[in-house]
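Worksheet: one structure, shown below.
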Amino acid sequence: MKNLLESWDDVRKAWGNKSIILFLDYDGTLASIAPSPSQAVLSAENKELLERLVKIPMFQVVVISGRSLEDVEKMVGIKGIVYIGNHGWEIEGSSMHFESLIPLEISSMMERIKYELIMQLSDISGAFVEDKGVTLSVHYRMVAPDKEFLVKRIFDHVTMPYRRKNEIKSHAGKKVFELKPPLEWDKGKAALWLIRKQEILKGKGGVLPVYIGDDSTDEDAFKVLKNKGTTVFVGTEKSSSAQYCLSGPEEVTKFLKLAAFSFF
């Protein structure tokens, strides 16, 4: 993959005067990964740059995250941004609201799983379960390295009966295990949903998505947006479906600065 900063002139030219939907992941992209979610704070510089981008007519800024909608809105705190939480399950902003209707039986099942995980992980220091309403996350970044296998063992023990019957879906992230309903919805589908809404207003072909993320869940978006816009993987791994890369959040800041001061 080519580095986006090194390819900026070509990318800028390709964007032309189209309406840009700028999708930005939060943890690991806008903010550095931290031991606990509450510590991953948006820098003052990035906040200022996002506020500037929101005011540029050609940009629609979207923050898309695995965090709950309420949490990601609180962490960013900028009006005019569209917020997508829970890996696409919740969308709000710019006079729009979308929240998938989760059947009661699935919500009850997730509550049971949460209780089982909390009980069985209670003796492992640093491990905790985050209830994000629609989804659950088991965090173990603060767990001692020699205890990490216990977290995985407990996670598999509690969730496997449900996973075998396809009652829940799971995936592993960066020191986190995620659980979500077994419905066909992800960051990629959420991005397409928003793009289509913008195309109704701007006309098909007048909207260009730019998606920047670092997580395995962002790969769903990279795949569906292939040949539709600009996709950027944040990190040093080589195996990604994205067209471009940025080495880390520091280079994301440099990109935001280029975007914020190249268009008026």
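Assorted remarks:
- Nearest-0.05 FRET efficiency for residue 183 and residue 123, computed from C-beta distance (R0 41 Å): 0.80
- Segment residue 250..residue 109, full-extension length gain: 46.8 nm, with 0.36 nm per residue of separation and the alpha-carbon distance subtracted.
- In the context of the full set of protein chains, the chain has a per residue accessible area of 49 Å² (1.4 Å probe).
- Residues 146, 156, sorted by accessible area with the largest first, give 146, 156 [1.4 Å probe; ligands and nucleic acids excluded].
- Computed over protein heavy atoms with a 1.4 angstrom probe, the accessible surface ordering of 224, 158, largest first, is 224, 158.
- Label sites at residue 41 and residue 144, each approximated as a point 7 angstrom past Cα along Cα to Cβ, lie 3.0 nm apart.
- In Hz, Karplus ³J(HN,Hα) per residue of the range 227-243 (6.51, -1.76, 1.60; θ = phi - 60°; x = Gly, Pro): 6, 9, x, 10, 10, 9, 8, 9, x, 10, 5, 8, 8, 9, 8, 6, 7
- Over the chain, relative contact order from alpha-carbon pairs under 8 Å, at least 6 apart, %: 23 percent
- Between the range 1-65 and the range 102-129, the C-alpha centres lie 33 angstrom from each other.
- Kirkwood estimate for the range 1-84, i.e. one over the average of 1/r between Cα atoms, Å: 14.0 Å
- 27 Å Cα-Cα threshold exceeded, pairs from 47/238; 114/197; 169/223: 47/238; 114/197
- Relative contact order for the range 182-263: 23 percent, from Cα pairs under 8 Å spaced at least 6 residues apart, divided by residue count.
- Scanning residues 5 or more positions from residue 173 or on other chains, those with amide H under 5 Å from its amide H are 178, with H placed 1.01 Å from N in the peptide plane.
- Between residue 55 and residue 258, the distance separating the two model label sites (each 7 Å from Cα on the Cα→Cβ line) works out to 2.3 nm.
- Checked against a 26 Å cut-off, the cross-linked pairs 2/180; 13/228; 152/189 give Cα-Cα distances beyond that limit for 2/180; 152/189.
- Rolling a 1.4 Å probe over the protein heavy atoms of the chain, with every protein chain left in place, gives an accessible area that is 52 percent carbon and sulfur.
- Of the whole protein surface, residue 149 contributes about 110 Å² of accessible area at a 1.4 Å probe radius.
- Here the range 60-171 is assigned +1 on the Cβ of each Lys and Arg and -1 on the Cβ of each Asp and Glu. Its dipole about the Cα centre then comes out at about 320 debye.
- Mean separation of Cα contacts under 8 Å (6+ apart) over length of the range 103-147, as relative contact order %: 30 percent
- Three-way shape label, the range 127-264, alpha-carbon gyration tensor, a/c 1.5: oblate
The values are calculated or read from the model by the stated rules, or taken from the named source; none is laboratory data. Because the structure is predicted, anything quoted here is derived from the model rather than measured. All Cβ positions, glycine included, derive from the backbone under ideal geometry; neighbour counts span all protein chains shown. Surface areas here come from the heavy atoms of the whole protein model, side chains and all, with no ligands, DNA or RNA. Shrake-Rupley method; radii C 1.70, N 1.55, O 1.52, S 1.80 Å.
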